[in-house]
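The next block holds one structure in the form of structure tokens; read it before the comments.
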Amino acid sequence: MSYRVSIDGNFAGAINFAMQQNYVPLIRNLIIKNETGENLSRLDLKIRFEPDFANEYHFPIEDIPPGQSVEISPVRIQLKTDYLFSLTEKILGAVTMELFQGQENLCSRQQEIELLAADQWSGLLFMPEIIAAFATPNLPCISQVLREASGFLEIWSKSPSFTGYQTRNPNHVKL
């Protein structure tokens, strides 16, 4: 029997430590389509990652009627935090998706992905708002900057407090 099955979906083009920490999905959804005239049953979707930046993923599919599709959403890929945090340069990776019925491989698809360094931003093309994840207010050097700025604020306004708009005084915010 010749199977015609396809795997499609919405994939992130890049992933990094900041995205993992902010629950950005690697695969938003997958659509498995049975383009045959026969019912496909007892299927197993397997997803592997190269290099080994995530745990292998398995998803059982009970059946897909002829000409129908099954959507998998969310696709709960468990990324390896230590691996993503350790990256110092961008590397190319691959996500391999295979659909099995027993031991028979019905369909395979490979998707390329950029694995970004922990301190690398994906830019404006993919989730530009993730740049906020790179703010690190708890670094020791930040407290030094805040102490110095607080000293200037006390000289200029007689108050060392960063109250922002809570004072309802736009001039204090400017200072």
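State all residues of the stretch 73-86 that are among the hydrophobic types (A, V, I, L, M, F, W, C) and assigned to a helix (DSSP H, G or I); if no residue qualifies, say none.
L84, F85
Of the residues that sit in the stretch 87-127 and are outside any strand (DSSP E or B) and among the hydroxyl-bearing types (S, T, Y), which one is most open to solvent (accessible area, probe 1.4 Å)?
T88
Farther than 19 Å from N16 by Cβ and of a type in the set (F, W, Y): is that true of F162 in this structure?
It is true that F162 is farther than 19 Å from N16 by Cβ and of a type in the set (F, W, Y).
Of all residues in the stretch 128-146, which are among the polar types (S, T, N, Q), open to solvent by 70 Å² or more (accessible area, probe 1.4 Å) and in a helix (DSSP H, G or I)?
Hit for the stretch 128-146 is Q144, nothing else.
The values are calculated or read from the model by the stated rules, or taken from the named source; none is laboratory data. Everything quoted here is computed from the prediction, not taken from an experiment. Here Cβ is always computed from backbone atoms with ideal geometry, including for glycine, and neighbour counts include all displayed protein chains. Ligands, DNA and RNA are excluded from the accessible area calculation, which covers all protein heavy atoms including side chains. Shrake-Rupley method; radii C 1.70, N 1.55, O 1.52, S 1.80 Å.
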